[in-house]
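The values are calculated or read from the model by the stated rules, or taken from the named source; none is laboratory data. Because the structure is predicted, anything quoted here is derived from the model rather than measured. For neighbour counting, all protein chains shown are included, and Cβ atoms are generated from backbone atoms with ideal geometry for every residue, glycine included.
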Amino acid sequence: MATQFSTCFWVQDAKAMASYYEEVFEDFQWISENPMAVVFEMLGKRFMCLNNGPGHLAFNEKISLVLTVDTQEEIDHYWNYFSKEGQAGQCGWLEDKYGVTWQVVPSILGKLMTNPETAPKATYAFMQMTKFDIAKLEEAVK
């Protein structure tokens, strides 16, 4: 029986990718490093980056990492960091400089989307957004 689940990234420079995430996540911890791979933890999850990934294979939005945060300051922090060298999308989606797709969402969204009265209004509001704006979501559901 499996007892642990890790995410593995296959990239050209594993240490550089890990260092990129170390800059943005306060809880980042290096676990191990060798010429083939680096292993680290962030957000309570373990990740491994393997060196010398084939250049013709790219990350895509079929798999993404979702960051659920409580405040607009947290949304802004992650959004600004990842979009600085990446590419912003719609509804909180963005791609970081390595091509990894993230969605930065406010924790209040779950509450709004499970309430039949607020879900349609919240959906309409966030479909107009790139980066989530908590104040605008709250205003839309009033």
Quiz item: Within region 6-44, how many residues turn out to be part of a strand (DSSP E or B) and either among the polar types (S, T, N, Q) or in contact (Cβ under 8 Å) with a residue 40 or more places away in the chain (or both)?
Solution: 7
Quiz item: Of all the residues that make up region 97-112, how many are touching a strand residue (DSSP E or B) at 6+ places or on another chain (Cβ under 7 Å), without any contact (Cβ under 8 Å) to a residue 40 or more places away in the chain and surrounded by 15 or more Cβ atoms within 10 Å (Cβ to Cβ)?
Solution: 5
Quiz item: Could you say whether any residue in region 67-81 is over 17 Å from residue 129 (Cβ atoms), in the same structural domain as residue 128 (by TED's automatic domain parsing), surrounded by fewer than 13 Cβ atoms within 10 Å (Cβ to Cβ) and touching a Lys or Arg at 6+ places or on another chain (Cβ under 8 Å)?
Solution: no
Exercise. Within region 60-106, track down each residue that is among the β-branched types (Val, Ile, Thr) and either in contact with an Asp or Glu (Cβ under 6 Å, 6 or more places away or on another chain) or more than 18 Å from residue 126 (Cβ to Cβ) (or both).
Key: 63, 100, 101
Quiz item: Counting residues that are of a type in the set (A, V, I, L, M) and closer than 30 Å to residue 12 by Cβ, which strands (runs of 3 or more DSSP E) fully inside region 63-142 reach at least 2?
Solution: 64-69, 101-106
Quiz item: Just one of 65, 94, 50, 109 is out of contact with any helix residue (DSSP H, G or I) (no Cβ under 8 Å at 6 or more places or on another chain) and of a type in the set (A, V, I, L, M); which is it?
Solution: 65
